[in-house]
Each structure stands twice: as C-alpha cells, then as structure tokens.
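One structure is given here, and the rest of the page talks about it.
What follows is calculated from the coordinates using simple rules that are stated; it is not laboratory data. Predicted model only: the values in this text are computed from it and were never measured. Don't worry about glycine lacking a Cβ; one is built from the backbone with ideal geometry, like all the others, and counts go over all protein chains shown.
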Amino acid sequence: MRPIFGYNIGDLAAQHVLFDGVWIDSTSTGLVVTATAATDTSFSSVVGQLTNGVDDNLGIGTCDLTCDWYGWPESNWFNLTTHDFAPASITSISLRVDVLHFGLAPLGEPIVYFHFTVTVYGTSTVPVVPRSWGRLKALYR
C-alpha cells in the first residue's frame, strides 16, 4: 500500500499528494521518507497550498486498490496559530511510518490501522504551538 498526504484527495484531476510513489507494508515500521522539490513532482503544489494563507483541508491516508483517507484544516493538523505556514520557505516534508496493521472489522470488512508522523522542514517565523514546526499523527480505522 502507499501512504498519501496532500490536497483534494480522491479528485484525480485536482489532487496533489506526496509519498504516493512509496510502497509500504507492516514491516515498514520506522521507515522515514522525505519529499523535496527534487524527489516528488507534487511537492511544489503541496507547498503552495501549505503557504497560501488559507486554512485549506489537508488529508492523509493510504492507497492500494482504493484510497482511505481523512482530512482537516491545516491549522488543526499542525497546531498553528495562523491559517497555514505562510510566509514560510518549506524545504522538505517527511513521513515516518509509526504503525501499519491490517485486519478485519466485525462484519468482515478490511481495516487499515496506521499511525504516521509528518514533519515539515523549512525557515520562517510562523507561530506554532508547541515551538516545533509541527507534527501530524493520524489514525484511520
């Protein structure tokens, strides 16, 4: 399966997601992947959304045959005191696989349980809480 992190997930004409070229499985715990302008074609689009001054809906999830994801406004994900990272200069974004498990729900439908940490790196004076640039941890059931 592939991790995804970005905007307009599910709208193939408009979506901009990072890490969708990376394949992970339950043995990937601890894996850290990093996206930059040089390594991910969607990096500039995602950074543009993260720094446009608008509290856009940001999503995270996993994809295999279909994608399971959820999203919230950027300020909620990163504990920002502003709408987003504007006027930051973002240089890279990393995703660490903390947990990835597969199972079945009580009615037999598949469940993907994941816990990812996303960290944004760059330079700016963007006020955040706490004093780091922010971490995102997500759980999907």
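Under a point-charge model restricted to the Cβ atoms of Lys and Arg (+1) and Asp and Glu (-1), what is the dipole moment magnitude of the chain relative to its Cα centre, in debye to the nearest 20?
Details: 6 positive and 12 negative charges, 89 e Å.
Rounded to the nearest 20 debye, it is 420 debye.
When a/c reaches 1.5 or more, the comparison of a/b and b/c decides; with that in mind, is the chain rounded, prolate or oblate per its Cα gyration tensor? Intermediate values should be presented prior to the final figure.
On the way: a/c = 1.74, a/b = 1.67, b/c = 1.04.
Taking the square roots of the gyration eigenvalues as a ≥ b ≥ c, the chain is prolate.
Per 0.36 nm of contour for each residue apart, how much would the distance between residue 111 and residue 99 grow if the chain were fully extended, relative to their Cα-Cα spacing?
Working: separation 12, 0.36 × 12 = 4.32 nm, distance 1.33 nm.
Gain on stretching residue 111 to residue 99: 3.0 nm.
Any idea which of 79, 52, 67 is furthest toward the positive side of the dipole for the chain, if Lys and Arg beta-carbons carry +1 and Asp and Glu beta-carbons -1?
79
Hey, can you rank 13-19, 3-9 by average C-beta count inside 10 Å, highest first? If you can, show how the numbers build up before the last one.
Working: 13-19: 18.3, 3-9: 23.4.
Ranking the peptides 13-19, 3-9 by packing returns 3-9, 13-19.
Pop out the ³J(HN,Hα) list for the range 52-61 in order, Karplus 6.51 cos²θ - 1.76 cosθ + 1.60 with θ = phi - 60°, rounded to Hz; leave Gly and Pro as x.
Calculated HN-Hα couplings, in order: 8, x, 10, 7, 5, 7, 10, x, 9, x Hz.
Given an 8 Å cut-off on Cα distances and at least 6 residues of separation, report the relative contact order of the chain as a percent. Let's see the in-between values first.
Numbers: 309 pairs, mean separation 32.1, N = 141.
Relative contact order of the chain: 23 percent.
Between the range 73-123 and the range 1-66, how many Å separate their Cα centres?
Here the answer is 9 Å between Cα centres.
Taking the Cβ of residue 51 as the center, what net charge do the other residues with Cβ under 15 Å away carry, scoring Lys and Arg +1 and Asp and Glu -1? Numbers along the way, then the final one.
Values: positive: none; negative: 55, 56, 74, 84.
Net of charged neighbours comes to -4.
Out of 33, 118, 97, any idea which swings most in a Gaussian network model of the chain, alpha carbons joined below 10 Å?
Between 33, 118, 97, it is 33 that shows the largest mean-square fluctuation.
For a quick check: with amide H placed at 1.01 Å from N, whose amide H comes under 5 Å from residue 92's, ignoring anything fewer than 5 positions away on the same chain?
121
Starting from the Cα of residue 55, step 7 Å along the direction of its Cβ; do the same at residue 13; then give the gap between the two resulting points in nm.
Each label point is offset 7 Å from its Cα along the Cβ direction, giving 2.9 nm.
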